[in-house]
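Here the structure is laid out as structure tokens; the discussion comes afterwards.
The values are calculated or read from the model by the stated rules, or taken from the named source; none is laboratory data. From a predicted model like this one, the values you see are computed outputs, not experimental measurements. With ideal geometry, Cβ positions are generated from the backbone for all residues, glycine too; neighbour counts draw on all protein chains shown.
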Amino acid sequence: MEIYKTPIGVLVMEDGKLVDKAAFPRDPKVIVKKLTVECPELVRLKGKYPKARDGEARLPLGDLAEKIGFCKKGELPQILSAINSEMARSGVAKGFGKDKHVVNAVRAQRALEDNVNTECETLREWYSIHFPELDNLLKDNKEYAQFVAKVGLRKNISEQAVEKVLADRRYVKAIPQIAKESIGSEVGEDDFNAIRDYANSVLNDINGEDGLMTYIEKTMNEIAPNVSAVATPYVGGLLLEQAGSLERLATLPASTIQILGATKAMFRFLKTKKLPPKYGVLYVHPLVSQAPKTNKGKIARTLAGKISIAARVDFYRGKPVGERLKKESEERVASLKKGFDEKPGGQKKDSDWGTAGQRKGSYDKTRSFRK
């Protein structure tokens, strides 16, 4: 005995004969929904026939549709066509989930980041004609643009004006004093109005980038909380953008996640067979970027393994494991910082350049050799 879930309903067959049935309504939307989940009709008939297995044989649906009262045999092709169209529509709609918004938000943020960096360089070069010393004082681009837009000309710089724009109290007295002794040239009102308008434009782009960053972090914490916990929301968003979707990220092995974003380095390796990439966008992760060069690859590999697990849990809606995976990653990094890895036999080997016994006296041997 076999059970079939078909577009016309759930059918129970035995030796090619219809034993029982549960017909679907003729609404294509309802049928598509029932075909994509374990519908009540299937659950009921499986409970009624517990020994029945899932059927795989091809059925004469036209004859069966007329037999169970679903429709006339000649009407079935038109109904099946409507069902296929509805399945295509629902598949497209399902394909554009929240993760797709994150993918595009990351791409927009990165493009905006490149523009902001170029615009800030131009603004600094332009305003330095009037007040060149400010370039070395204010390293933060947003603070610099705010100062140019709201304080402006050197003659307007006072402790009160600086205090309204900059939160750091160190600048309140320093900047007005330096402005008095500046070697910059004077600029006319029309010239400075152009500089100020450009500074306001730069500020708008910086605020736009900040807004995208906030959106990415918030949405990543919603759709991928475990990946966000291990990789940080922003790095998780970068990985999602490289993969294309959360589903795709969940199917990738850890070795691929480790080098996502290292396209140029991978092509160079395939061409020259030298220096394979050890990390891609994972380089942005604090644990990798702040690690010694010799440990970056090991830490990236550890993170990739944890992120691979976290992505699967997020996609299949499993129990939260992000904090545990994050703790395990940090413990691995801590062990590398101590300068050794635990070996199976109990021997402790330095992660950078040999065992502690080998290191002892190595400097003296080098000196004697040079002699």
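Things to note:
- Residue within the stretch 80-100 that is assigned to a loop (DSSP other than H, G, I, E, B), charged (D, E, K, R) and without any contact (Cβ under 8 Å) to a residue 12 or more places away in the chain present: no
- Listed by position, the helices (runs of 4 or more DSSP H) enclosed by the stretch 123-203 that each have at least 1 residues that are β-branched (Val, Ile, Thr) and over 39 Å from the mean Cα position of the chain (by Cα) are 170-180.
- Of all residues making up the stretch 175-188, the number that are surrounded by 15 or more Cβ atoms within 10 Å (Cβ to Cβ) and without any contact (Cβ under 8 Å) to a residue 40 or more places away in the chain: 1
- Selection of the stretch 254-289 for residues being in a loop (DSSP other than H, G, I, E, B), in contact with a Lys or Arg (Cβ under 9 Å, 6 or more places away or on another chain) and surrounded by 16 or more Cβ atoms within 10 Å (Cβ to Cβ) yields Ile259, Ala262, Pro277, Lys278, Tyr279.
- Qualifying positions in the stretch 244-253 - surrounded by fewer than 21 Cβ atoms within 10 Å (Cβ to Cβ) and not in a loop (DSSP other than H, G, I, E, B): Glu247, Arg248, Ala250, Thr251
- The set of residues from the stretch 57-78 being in contact (Cβ under 8 Å) with a residue 24 or more places away in the chain and either farther than 11 Å from Ile8 by Cβ or among the hydroxyl-bearing types (Ser, Thr, Tyr) (or both) comprises just one member, Ala57.
- Within the set Asp135, Asp210, Asp191, Asp205, the sole residue that is of a type outside the set (S, T, N, Q), outside the structural domain of Leu282 (by TED's automatic domain parsing), surrounded by fewer than 15 Cβ atoms within 10 Å (Cβ to Cβ) and within 21 Å of Gln109 (Cβ to Cβ) turns out to be Asp210.
- Odd one out for Leu260 among (1) of a type outside the set (Gly, Ala, Ser); (2) over 21 Å from Asn221 (Cβ atoms); (3) in contact with a Leu (Cβ under 6 Å, 6 or more places away or on another chain): (2)
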